[in-house]
Amino acid sequence: MPVRSGAEFIDGLRRAPREVWIAGRRIDDVTADPVFARPVKAVAMLYDLQVSAAHRDAMTHRDTDETGPYGASFLTPRSQADLVKRRLSMKVWAEASFGMLGRSPDFLNTTLMAWNDSAEFFGQRGARFAGNVRNYYRYCRERDLFATHAIVNPQTDRSKASHQHDDPFAHLGVVEETKDGLIVRGAKMLATHGPTADELLVYPQPGIRDGEERHVLAFGIPCATRGLRFICREPFDDGTQSAWDHPLGARFEEPDAVCVFDDVLIPWDRVFLYGDVKMGNAMFAQASIRNFTGHQTAVRGLAKCQLIAGIAPPASPSR
C-alpha cells in the first residue's frame, strides 16, 4: 500500500487509538469526535487527490529500479526535473487547502527525505543511527504515513537550561538506557495535527547548552504509542461553525498539542540522535532541513497569497 486514499488514512487512525485530551475530556475516536472530524476530513481530502486520476501522475513517483509508486513529497531531488516534480505535487495540496494547512503531510515527508539524504550526519554517532534514519524514511514512505513533529520545549523558566529545572523532566529527556531502547519522560511541543497524525517526530533545535545531553534527542514513534499523551489547545472550531459563514475556519482547523511522555520506550531502531550537544545544535544546518522544508513552505505561501489577492477588493480607480 505505497500510496493511500483518504479512506485508508481515516481507517488507519481508527485502528490505532491514541491518548488525546481536549478541554478536560479524553477523546475515544479522533475520526468521529466533532472537534477532530473536520481536520481529519481535510487531510483525507489531500490523500484522495494524490490517488485521483487527475493528479496521480503529478503526485506520485516511481524510481528507475521500479520502487514505488510513492508520494512525490518523499522524492529526493537529483535534478531540476525532480525539483519541478516536487513543486507541482506540493502545489496541488497547497491550492486544495488555499495554503491554510501549514502542516499538510508533505511538510514532514520533506523533512524525512532531507534526513535520508543526509544520513551520514546521523552516522557520526555510529553507523546504526544512519541506518535507522534510512530505514525509518523507507518505512514511512512505503506506508505513505502522515507525520507531525514536536521540537520546542515547554515555556518554563527561560533563564535556566533544561537540566537546571527543579523537575529534571519538565522538558523531555532520557530517564534510562536499556537493551531495548531509551526510556524518556517529560514534555515537548507543539505537535500540529499530533492527535490526527500517524507518526510523531521529535528532534532538537539549535541553542542547546552543555549539560543538556539527556535532552538531546531525535526519534520517530507512532502517535498511538503507549504512555504518549496529547493535550490539545482550545479549538477554533468545535465542529459547529457554519461552513458558509466560516469557509476556512470550518474546514482547515489544525489541532495543536503538547506531547507528554510518561516513561515511554523509544526502541533503538527508532533513535536517530542522542546525547550529543554539538550535533544537536548542528542538525538543522547539516541535515538540510531548512533547505527542503523552505521549498514546501514557499509553495504553500504562494497559494495563500493567491487566495488573499483573489478576495481582496479591487483598488479604487485613480481620478
Would it be correct to say that ARG270 is farther than 24 Å from ALA72 by Cα, touching a residue at least 24 places away in the same chain (Cβ under 8 Å) and of a type in the set (D, E, K, R)? no
Can you go through ARG14, ARG4, ARG86 and tell me which one is within 27 Å of PRO247 (Cα to Cα), surrounded by 16 or more Cβ atoms within 10 Å (Cβ to Cβ) and touching a residue at least 12 places away in the same chain (Cβ under 8 Å)? ARG4
Residue in segment 103-118 that is surrounded by the fewest Cβ atoms within 10 Å (Cβ to Cβ), counting only those that are within 24 Å of THR196 (Cα to Cα) and more than 10 Å from the chain's Cα centre (by Cα): ALA114
Hey, which of the helices (runs of 4 or more DSSP H) in segment 1-107, taking only ones fully inside, have at least 3 residues that are within 18 Å of THR148 (Cβ to Cβ) and of a type outside the set (Phe, Trp, Tyr)? 6-14, 34-51
For segment 119-137, the count of residues that are in a loop (DSSP other than H, G, I, E, B) and crowded, with 18+ Cβ neighbours inside 10 Å equals 0
Taking segment 138-166 and keeping only residues that are buried (at least 16 other Cβ atoms within 10 Å of the Cβ) and among the basic types (Lys, Arg), one is left with ARG141, ARG143
Can you tell me which of (1) closer than 18 Å to LEU273 by Cα; (2) buried (at least 21 other Cβ atoms within 10 Å of the Cβ); (3) polar (S, T, N, Q) is the one THR196 doesn't meet? (1)
So for segment 226-248 (the condition being within 21 Å of LEU112 (Cβ to Cβ) and either at pLDDT 95 or above or in contact with a strand residue (DSSP E or B) (Cβ under 8 Å, 6 or more places away or on another chain) (or both)), does at least one residue qualify? yes
Out of (1) free of Cβ contacts under 8 Å to residues at least 12 places away in the same chain; (2) in contact with a Pro (Cβ under 9 Å, 6 or more places away or on another chain); (3) not β-branched (Val, Ile, Thr), what's the single condition that is false for PRO314? (2)
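The values are calculated or read from the model by the stated rules, or taken from the named source; none is laboratory data. Everything numeric here is computed off the predicted structure, so don't read it as measured data. So basically every Cβ, Gly included, is an ideal-geometry build from the backbone, and we count neighbours across all protein chains shown.
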